[in-house]
Each structure stands twice: as structure tokens, then as C-alpha cells.
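Asker: The structure under discussion is supplied below as C-alpha cells; questions concerning it will follow.
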Amino acid sequence: MAADWFLIDNSGVGLRDFNTASLIWRYMMHLLLTFLSLFALATAQFGFFDQMFGGHGHDHDHGHHNHQHHHQHQQQQNPSDASYYKSQYEQSVCDNYLCPDTLACVHFPHHCPCAWDDNEEKFEMGEGKRVCISKGGFKPGEAARKIELARKGLL
């Protein structure tokens, strides 16, 4: 008889050893520890469960946004309809003309600024309107020149 598999009690009767149960217990603990370690690595590396279940974990910067890496809760997302814009528009105070795209208060519609003036060039149309188009090329005013050419049918 192998001493590993049986215990002998005081009376000399062989009892089933608990080594088999302890081996199973140790195996299960190793399996659980391995699973928890892999789960923690996956959560830390990919933020998968935060995104999938709508958790409010860390902000991840993927090069597209300028997020701060703090342990903050994310703010509530804007609605997917125009209700947020409409509420902002209705709360705006302006005695003259309220620009519909920037909510700037100006004297005339063609004085409305471009929403992204670092990237857009404003061109005032002759009908009291203005358009904002992406800046093109390396020279200032090139976008306006192209619009003039297009209006004349030359482009």
C-alpha cells in the first residue's frame, strides 16, 4: 500500500486519503488564479468590459481625442437628435441676428463667423449670405478664389 493514498487511523483501519481532494483543490485554485490573472490583464489592456457594458472606467486616448487620463466618470453623451441644439438655440439671447450654426450674435447674416475658423475660410456671397469652406492650399484666400472661379463657371 502506498502511504500517499491511504491514511491509517489509530485503530489501524485504512481511510481514503484527502490528498486526492487536496490535489483537486490545488488544481482548481491554480485554474481560478490563472483565469483571474488573464481577466485582469484583458481588462487593463483593452478596456473591453468597460466599453461593452457601458462602464465608466478610464478614458482611453487612441490619438484621436485629447482626453485626460484620470479616474473620472464620463459625462453624459449628447442626444442623437437636435434637441440639445434646439435648447441651446432657444436659450441664446441676441437682439440682432443669431447665427444658426455658431449661435454668434451679429448685425447681419453674412457677418456670422465660421464654426472652425482655424480650418475653414469664410466667403461672403453677394446675396447677404456666407459660406465656410475648408482651407485649401498654402495661400490665404485661395478657397475664396476657387469659389469665385466656380461662380463664373471657370472651374
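Values in this text are rule-based calculations from the coordinates and carry no lab data. Keep in mind it's a predicted model, so treat the numbers as computed, not measured. Please note: Cβ atoms are built from the backbone with ideal geometry, for glycine as well, and neighbour counts cover all protein chains shown.
Asker: Relative contact order for the range 89-151: what percent, with Cα pairs under 8 Å and sequence separation of 6 or more?
Answerer: Computed over the range 89-151, the figure is 19 percent.
Asker: So what J values fall out for the range 92-109 if you push phi through Karplus, 6.51 cos²θ - 1.76 cosθ + 1.60 with θ = phi - 60°, rounded to Hz, Gly and Pro as x?
Answerer: Per-residue couplings from phi come out as 6, 10, 7, 8, 10, 10, 9, 5, x, 8, 10, 6, 7, 9, 10, 7, 9, x Hz.
Asker: Moving on to the next point. Round to the nearest 0.05 the FRET efficiency obtained for Glu120 and Gln76 when R0 = 30 Å and r is the Cβ-Cβ distance.
Answerer: Computed FRET efficiency for Glu120 and Gln76: 0.55.
Asker: Additional query: Convert 10 °C to kelvin, take the viscosity as 1.306 mPa s, use the Kirkwood radius over C-alpha pairs of the range 89-151 as Rh, and evaluate the Stokes-Einstein diffusion coefficient in µm²/s, rounded to a whole number.
Answerer: Stokes-Einstein gives a translational diffusion coefficient of 126 µm²/s.
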